[in-house]
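So the structure is just underneath, and the comments pick up after that.
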Amino acid sequence: MTRLLQPVTAGVVTGIVGFASSFTVVLAGLRAVGADERQAASGLLALCLANGVVAIWLGLRRRMPITIAWSTPGAALLAATGAVQGGFPAAVGAFAVCGLLVVAAGLFPMLGRWIAAIPAPIAGAMLAGVLLGLCVAPVRALAEIPAMAVPVVLTWALLSRFARMWAVPGALLVAVAAIALTGPGLGAVDVRPVVVPTVPSFGVQAMVSIALPLFLVTMASQNVPGMAVLAGYGYRPRLGGILVGTGLATVAGAPLGGHAVNLAAITAALAAGPDADPDPGRRWIASVTAGGSMIVLGLGSGLATALVLLSPPVLIEAVAGLALLGALASAVTAAVADPERREAAVATFVVTASGFTLFGVGAAFWGLVAGGAMTLLHGRRKGRAESGESTGDSGDSEESTGDTGDSGESAEGAGGAGEGSGAGESGAHGSAGDPGESGLPGKKAGASRGETRLAQR
């Protein structure tokens with residue numbers, strides 16, 4: 001019995017942190033796309049049940065600490081997108097289509113490779129643009145309701161320094177206390193869990209504005225990092241089976257208002273790390289317990305929704321923004337990591353963050369379009385520059401240096417971050433290329449050898 005205490009405790013903590021740190025984001029997203037308070041509470045309950053069932057099933061079947069969560073970046077996407085034509089039923093239809101796309105990614109690995117082919121700076125910039133609106137909410141709250149917001153922000157700041165895992169839950173508790181002291185109380189509010197089915201409808205606008213961006217964000221910001229966390233602790237489950245399971249859970253939860261179920265990325269480390277159990281073969285107990293904890297917490301979805309309804313909207317948005325600051329930092333870092341794709345990433349970020357809508361389609365989709373167009377435009381321009389250099393038009397060694405650095409991306413294609421910059425730096429300094437910089441083993445990028453190298457290609 002004593003041996004169970006550590007992994008069970010870790011699982012309970014994982015469930016509480018996962019729920020408390022981002023349920024406000026989920027409710028904000030569902031309300032933004034048209035859900036009323038009962039539909040939002042139903043959606044939160046559906047997500048908790050789906051998370052718990054899939055986590056318990058995968059943990060018992062695979063004997064690995066596979067933690068399941070809702071898509072927090074996906075909920076932020078909903079908050080940034082807003083209402084679509086057809087209202088909440090159209091959003092529910094988009095949730096179901098997103099789940100089917102996840103299932104397809106699990107059954108057909110080619111689809112997953114297509115998602116991976118999206119340049120990391122573009123994907124990061126789109127996510128950063130989606131998150132920005134909520135992440136500035138703490139600042140707005142400090143200006144609009146300082147008496148309630150200052151204690152929340154200070155609690156978050158102090159706990160992020162001394163007990164980072166509890167920073168957002170601690171800020172949430174302070175917000176709840178502020179609501180209890182200043183609000184009308186919960187006496188007239190029905191806090192029982194509710195289940196409100198919504199018949200889905202399917203429209204082109206909702207598919208383009210919600211289903212496709214939600215699928216991309218969930219895959220790139222949740223499933224891929226979640227697998228990386230598991231691999232870091234020595235666990236390598238088959239991703240295909242996990243995608244099929246979470247995709248089916250998303251489809252099942254969609255009629256009740258749940259938007260997306262996926263691998264946990266942040267809380268995954270709480271169940272998969274050594275703090276859960278010194279024996280890696282027993283850490284699955286923590287993920288299974290976390291799943292059970294999410295089911296129990298889901299029964300309090302009515303209470304959670306009532307607290308949100310009783311508070312000033314900007315206060316709950318502030319707590320959600322604090323929960324997403326780390327995700328915003330990671331997204332911005334990914335967006336600007338590659339100098340050769342930085343302009344395309346900035347274009348993606350600006351368009352996504354603007355809230356721009358065209359033909360009823362939201363900004364996240366147009367941000368991807370803008371980034372893709374910039375990437376193609378710059379790639380074509382650099383291809384022409386490389387072609388001009390190979391004809392011998394640039395006899396000056398300084399010009400040759402510039403052309404060599406500028407052609408780094410087109411020579412490498414859509415590789416990982418830093419490939420183009422490595423070539424550019426090597427050319428600028430006239431030194432031999434390092435495999436870590438140029439992206440290709442043994443590649444020489446010296447400026448004086450630029451024409452010879454291009455001719456060989």
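The values are calculated or read from the model by the stated rules, or taken from the named source; none is laboratory data. The shown structure was predicted, so the numbers you read here are calculated from the model rather than taken from an experiment. Cβ placement follows ideal geometry from the backbone for every residue including glycine, while neighbour counts extend to all protein chains displayed. What goes into the accessible areas is simple: the full protein's heavy atoms, side chains included, and nothing from ligands, DNA or RNA. Shrake-Rupley method; radii C 1.70, N 1.55, O 1.52, S 1.80 Å.
Out of the residues in region 231-245 that are touching a helix residue (DSSP H, G or I) at 6+ places or on another chain (Cβ under 6 Å) and open to solvent by less than 30 Å² (accessible area, probe 1.4 Å), state the one that is farthest from L101 (Cα to Cα). Of everything passing the filter in region 231-245, P237 is farthest from L101 (Cα to Cα). Of all the criteria given as (1) modelled with pLDDT under 90; (2) aromatic (F, W, Y); (3) over 20 Å from A220 (Cα atoms), the one not satisfied by F108 is (3). All conditions in (1) part of a helix (DSSP H, G or I); (2) over 30 Å from L5 (Cα atoms) hold for H259, with the sole exception of (1). Checking G87, G82 one by one, the residue that is over 19 Å from the mean Cα position of the chain (by Cα), surrounded by fewer than 18 Cβ atoms within 10 Å (Cβ to Cβ) and at positive phi is G87 and no other. Here Q222 passes the criteria (1) open to solvent by 20 Å² or more (accessible area, probe 1.4 Å); (2) part of a helix (DSSP H, G or I) except the one numbered (1).
Residues are listed down the side, and each one gets a yes or a no for (1) of a type in the set (F, W, Y); (2) under 27 Å from V33 (Cα atoms):
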{"position": "I56", "(1), (2)": "no, no"}
{"position": "W70", "(1), (2)": "yes, yes"}
{"position": "G82", "(1), (2)": "no, yes"}
{"position": "L154", "(1), (2)": "no, no"}
{"position": "R161", "(1), (2)": "no, no"}
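Quick check on region 105-140: of everything there that is without any contact (Cβ under 8 Å) to a residue 40 or more places away in the chain and not charged (D, E, K, R), which residue is farthest from G258 (Cα to Cα)? Only one residue tops the list, namely V139. Scanning region 246-269 for residues that are closer than 16 Å to G59 by Cβ and buried (at least 24 other Cβ atoms within 10 Å of the Cβ) yields a total of 8. Out of the residues in region 1-59 meeting the condition of being β-branched (V, I, T), buried (at least 24 other Cβ atoms within 10 Å of the Cβ) and under 18 Å from the mean Cα position of the chain (by Cα), tell me which one is farthest from V314 (Cα to Cα). Among residues in region 1-59 that are β-branched (V, I, T), buried (at least 24 other Cβ atoms within 10 Å of the Cβ) and under 18 Å from the mean Cα position of the chain (by Cα), the one farthest from V314 (Cα to Cα) is V26. Residues of region 328-353 that are within 17 Å of the chain's Cα centre (by Cα), surrounded by fewer than 23 Cβ atoms within 10 Å (Cβ to Cβ) and within 20 Å of T81 (Cβ to Cβ): L328, A353.
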